[in-house]
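The values are calculated or read from the model by the stated rules, or taken from the named source; none is laboratory data. Owing to the predicted nature of the structure, the values given are computational and were not obtained by experimental measurement. Every residue, glycine among them, receives a Cβ derived from its backbone with ideal geometry; neighbour counts consider all protein chains shown. Each accessible area value is taken on the protein alone, full model and side chains, heavy atoms only, with ligands, DNA and RNA left out. Shrake-Rupley method; radii C 1.70, N 1.55, O 1.52, S 1.80 Å.
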Amino acid sequence: MESLRELFKIGNGPSSSHTMGPKRAAEEFLKRCPDAESFRVTLYGSLAATGRGHLTDKAIESVLQPVAPIEILWKADVVLPFHPNGMLFEALRGGEVYDKWEIYSVGGGALANEDTKPADKKQIYPLSTISEIKEWCYREGKTYWEYVEDCEGKEIWDFLDNIWTVMCDTIARGLNNDGVLPGGLKVARKASTYFVKSKSFTDSLATRAKIYAYALAVAEENASGGTVVTAPTCGSCGVLPAVMYHLNTSREFLRIRMLRALATAGLFGNVVKTNSSISGAEVGCQGEIGVACAMAAAAACQLFGGTPAQIEYAAEMGLEHHLGLTCDPVCGLVQVPCIERNAIAAARAFDANTYATLSDGSHLVSFDKVVAVMHETGHNLPSLYRETSEGGLAKMVER
């Protein structure tokens, strides 16, 4: 598996696959062709189907347009075999194409194509399944975050410290912003209202309201194009920060414990990214919200002192109970149903942690088996339920 640096990425929303990935691709292509007289970019499949709502064109234009004129072509009906999020970059001089690059945004801001084989990428982790890593934990008397440190080196803590800082800053901004989100659906920000109302509740209801508020804060910042951390994607970026921020502010954990929980969350997300997908266009929202819920449940369970088996159980529940979740954003915007899903998934992650902590950690279905089922389920979903806005809520909701 690759480093957690390839999973947690800081950037602007609203979508890691449709905004961050294409922008990064444009930057890479510009390095290849800095002297082009013009550019032509063709977007295929899911990128073309929901790209306007996800600001794909704006992300690409922000990089290439200052250098030379750019033409963007939209071909939603053409799905290239490697991945639904295909792009073809072309550089022109004298009206003729002199360089071209076919590349895919495969989720979480990552790029890949037929030429980027796994062996070509730097593999940090020798073990790539939770079953193997859990066995290592019990054999060595260690836990998941220690496996991360062993593989990444102690410098990973500086990286995760910055990631945690950005997550907290995003929540703070989101809680203090009001108004209507851009895009035309006229979705009003709710995070600040939920947070204020949480003050009038007690005990479990107050906890639930705060978790909702924190998740909404991040998801709303993402929908407005603000700075967020992919966890594992932009569309699901509110789940993990919400759960961790609530535990941090309510129980006053030391910062190093928060970073260790973040490392464990990243490890579980990394396993899914390696063995399946975190791309909504490829496997539906189960690969985004489902994985985010699993990551948050693992982090919470570790903070509450869970054993490796209990942590794995919490993550397994977080993902298992999102199996089959479709990706059907209304108008191609990361707003409906995405923002609410972040809030509900954050609460479910907290519940999964509680359930697992009450148990002895033993359970029938392993996390790795759920990942395999998610992969199979995602590829069996009709394409209209995988980030194309051609089915589901995207068709049923009047707008």
Original post:
Quick check: is even one residue across the range 206-222 loosely packed, with under 15 Cβ neighbours inside 10 Å and assigned to a helix (DSSP H, G or I)?
Top reply: no
Original post:
Out of the range 353-371, which residues are open to solvent by 10 Å² or more (accessible area, probe 1.4 Å) and either under 13 Å from A297 (Cα atoms) or of a type in the set (D, E) (or both)?
Top reply: T354, Y355, T357, D360, D368
**OP:** For I60, indicate whether it is more than 25 Å from C301 (Cβ to Cβ), part of a helix (DSSP H, G or I) and hydrophobic (A, V, I, L, M, F, W, C).
**Re:** yes
Subject >> Residue check for G184: more than 20 Å from the chain's Cα centre (by Cα) and more than 21 Å from A349 (Cα to Cα) >> reply: yes
**OP:** Those residues that are open to solvent by 20 Å² or more (accessible area, probe 1.4 Å) and either aliphatic (A, V, I, L, M) or not in a loop (DSSP other than H, G, I, E, B) (or both), I need them from the range 41-57; list them, please.
**Re:** Y44, A49, L55, D57
Original post:
V243 is checked against (1) open to solvent by less than 10 Å² (accessible area, probe 1.4 Å); (2) closer than 20 Å to V336 by Cα and fails just one. What number does that condition carry?
Top reply: (2)
**OP:** Kindly list, by first and then second residue, each pair from a residue in the range 386-399 that is open to solvent by 40 Å² or more (accessible area, probe 1.4 Å) to a residue that is modelled with pLDDT under 90 and small (G, A, S), limited to pairs with Cβ atoms under 9 Å and residues at least 6 apart or on different chains.
**Re:** E390/S383; K395/S389
Subject >> Number of the condition not met by L80 [criteria: (1) closer than 30 Å to A265 by Cβ; (2) of a type outside the set (K, R); (3) surrounded by 15 or more Cβ atoms within 10 Å (Cβ to Cβ)] >> reply: (1)
Original post:
Out of all the residues in the range 319-365, which are in contact (Cβ under 8 Å) with a residue 40 or more places away in the chain and hydroxyl-bearing (S, T, Y)?
Top reply: T326, Y355, T357, S359, S362
Original post:
Name the pairs: first residue in the range 19-32 and among the aromatic types (F, W, Y), second residue modelled with pLDDT of 95 or more, Cβ to Cβ under 7 Å, at least 6 apart or on different chains?
Top reply: F29/F89; F29/W101
**OP:** Kindly indicate the residue of the range 16-40 that is open to solvent by 10 Å² or more (accessible area, probe 1.4 Å) and of a type in the set (S, T, Y) and also nearest to the chain's Cα centre (by Cα) among those meeting that condition.
**Re:** T19
Subject >> Residue that is modelled with pLDDT under 95 and crowded, with 24+ Cβ neighbours inside 10 Å, where the choices are A292, A315, A297, A281 >> reply: A281
Original post:
So is I256 farther than 27 Å from L384 by Cα, open to solvent by 10 Å² or more (accessible area, probe 1.4 Å) and in contact (Cβ under 8 Å) with a residue 40 or more places away in the chain or not?
Top reply: yes
Original post:
If only one of G153, G225 is at positive phi and more than 21 Å from the chain's Cα centre (by Cα), which one is it?
Top reply: G153
Subject >> Filtered residues of the range 223-240 (kept if open to solvent by less than 10 Å² (accessible area, probe 1.4 Å) and polar (S, T, N, Q)) >> reply: T230, T233, S236
Original post:
In the range 376-385, how many residues are open to solvent by 70 Å² or more (accessible area, probe 1.4 Å) and either in contact with an Asp or Glu (Cβ under 7 Å, 6 or more places away or on another chain) or under 26 Å from C331 (Cα atoms) (or both)?
Top reply: 3
Original post:
Would you pick out the residues in the range 59-77 that are in contact (Cβ under 8 Å) with a residue 12 or more places away in the chain, of a type outside the set (G, A, S) and surrounded by 15 or more Cβ atoms within 10 Å (Cβ to Cβ)?
Top reply: I60, V63, L64, V67, I70, I72, W74, K75
Subject >> All positions within the range 318-332 that are surrounded by fewer than 23 Cβ atoms within 10 Å (Cβ to Cβ) and touching a Cys at 6+ places or on another chain (Cβ under 7 Å) >> reply: T326
